[in-house]
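Following: one structure in structure tokens, then a few remarks.
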Amino acid sequence: MKKRTKIIATVGPVSNTSEKIEGMIREGVSVFRFNMKHGDAESHKERIERVQQVADSMGEAIGILIDLQGFEIRIETRESADICIRKGDILTIGSSFDNEDANVVIPQDVVFQSLDEGDAFFIDDALLKFFVKEKREGSIIAEASNGGTIKHKKSMNVPGKYIDVSSIVDSDLEKLDAMAKSKVDFVTLSFVRSKKDIAMLREELNKRGIEAGVVAKIENKHALDNIDEIIDASDAVMIARGDLGVEIPIGELAFWQRKIIYKCRMQRKAVIVATQMLYSMIENPRPTRAEATDVANAVFNGTDAVMLSEETAMGKYAVETVSAMRDILCFNEQFDVFEKVRLELKNPTDFIINSAALMTESRKIKTDMAAIFTETGYSAKTFSAFRLPVPVVAITSNPKTAEIMTLYYGVTPIYCSSLTYEFHSSELILEKLSKRKLEIPEEAMIIIHGQHRERSEPTKNALTFVSFNS
């Protein structure tokens, strides 16, 4: 109950055993990520089943997130050879190796054709920068801005350039076909540019009967230009700082992280900060000072979740990395540093939740906990947006809702198969807390609940205050 910011961990070769999965859950993981870019669908399905089996045996609600590859540009080198480049060198790039002068090829013709004289582009996560000096029939002449080594199949970024391609590639559709019968709670879409991309993914999920929240990865300038409509159209947002830090000046990254987090809170959407959070722990047992500060600043910005990628997928210290992140989160969540939000009240449920939040925020009445009975998770998501310094338990009879709430800041989801949404006494809540070995409130508890048995009616919610000292 002490940690409120959620941890997402990527499952990979070093962390796909039941022992490692259980260890990461015990240390604080709420959601596991499966990167569809690597590995085949069958291996991912096996790992998802393994995670679910471990979570069930522990009595924990755990979220499953699959991360689609999306459209990405990767260059190819002739005979897959490394090419050493010095500053000022001229590089000839072709659309195919039919061009005998080209040692590097951009295999996607639509990308090749989109480049113009004066354009800047990067190779290998911005380690190498080039400018297009001249464009000829079937070739591009580029000048290197710095030295380094061009390696086969490395990434390429063209900041600010709109490339007219679908955000969902054929391999993504094949993975979705294979995942249709797996338990999936969230699907991320890479290189989102507008709400149209989100609508396209929802259509593909609906075709396959996949009930999952759509997570928009923000990783280019077009996404920033359309950030409000993207947040509105999505169920959650991931600030994917790897590509975003290449697509925009790196000095702007912290600003956009803070701004996007605040916008998501205002729209009651979960938000994730990702990429290189504890990157050095791939090889080392302790994080750097800068990494610890980065994780803490994500807390201060008000994020719902922080994500580990290579650190848990292929690092030497997967479980220890989760533990280190948990300790940083726990300490820094103690301090009331969040920007205050005043949400637009759209329905009677919002008024009830706003009242509960104001009671808690004022601290005139000491409250140890907020308990929320919810069928859809809406009440818990809205209460979470306030980032209040009290633990929240959200009790639901819908197992999918319990898994979706694993992404909400400060919310501990509890699944109860036989649940009535009207409130009679606090005994059920205390029983569930005790069974899960969670902290029991000592002073008082705010309870948000329905007024009709067996039904969740957002227009019929009520607020009850229970004191344990009366």
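With part of a helix (DSSP H, G or I), of a type in the set (A, V, I, L, M, F, W, C), on the phi < 0 side of the Ramachandran plot and not assigned by TED's automatic domain parsing to the domain that holds V306 as the only criterion, which of I352, I328, I365 stands out? Please lay out each step first, then the result.
Values: I328 fails: not assigned by TED's automatic domain parsing to the domain that holds V306; I365 fails: part of a helix (DSSP H, G or I).
Every option except I352 fails the conditions.
Got a sec? Which of K45, K2 is out of contact with any Gly (no Cβ under 9 Å at 6 or more places or on another chain) and either assigned to a helix (DSSP H, G or I) or of a type in the set (S, T, Y) (or both)? Give the derivation first.
Numbers: K2 fails: either assigned to a helix (DSSP H, G or I) or of a type in the set (S, T, Y) (or both).
None of the others qualify; the one that does is K45.
Looking for something surrounded by fewer than 23 Cβ atoms within 10 Å (Cβ to Cβ) and closer than 22 Å to Q276 by Cα - is there at least one such residue anywhere in region 212-229?
yes
Might you let me know whether region 325-339 holds any residue that is closer than 30 Å to K161 by Cβ and surrounded by 15 or more Cβ atoms within 10 Å (Cβ to Cβ)?
So in region 325-339, the residues closer than 30 Å to K161 by Cβ come out as none.
No: zero hits.
Name, by its number, the condition in (1) modelled with pLDDT of 95 or more; (2) surrounded by 18 or more Cβ atoms within 10 Å (Cβ to Cβ) that does not hold for K316.
Among (1) modelled with pLDDT of 95 or more; (2) surrounded by 18 or more Cβ atoms within 10 Å (Cβ to Cβ), the lone unmet condition for K316 is (2).
Please enumerate the residues belonging to region 116-153 that are surrounded by 15 or more Cβ atoms within 10 Å (Cβ to Cβ), on the phi > 0 side of the Ramachandran plot and out of contact with any Ser or Thr (no Cβ under 7 Å at 6 or more places or on another chain).
Correct list: A126, G148.
Tell me which residues, restricted to region 257-312, are small (G, A, S), surrounded by 16 or more Cβ atoms within 10 Å (Cβ to Cβ) and assigned to a helix (DSSP H, G or I). Quick ask: steps written out before the conclusion?
If we filter region 257-312 for residues that are small (G, A, S), which is where we start, we get 270, 274, 280, 290, 292, 296, 298, 302, 305, 309.
If we keep only those that are surrounded by 16 or more Cβ atoms within 10 Å (Cβ to Cβ) as well, we get 270, 274, 280, 292, 296, 298, 302, 305, 309.
Selection gives S280, A292, A296, A298.
F338 passes all but one of (1) in a loop (DSSP other than H, G, I, E, B); (2) over 22 Å from M307 (Cβ atoms); (3) at pLDDT below 90; which number fails?
(2)
In this structure, is D67 within 30 Å of M200 (Cα to Cα), at pLDDT 95 or above and among the charged types (D, E, K, R)? Spell out the reasoning first.
Details: within 30 Å of M200 (Cα to Cα): yes; at pLDDT 95 or above: yes; among the charged types (D, E, K, R): yes.
The answer is yes for D67.
The values are calculated or read from the model by the stated rules, or taken from the named source; none is laboratory data. Predicted, not measured: the structure shown is a model, and the values here were computed from it. Using ideal geometry, Cβ is built from the backbone for each residue, glycine included, and neighbour counts are taken over all protein chains shown.
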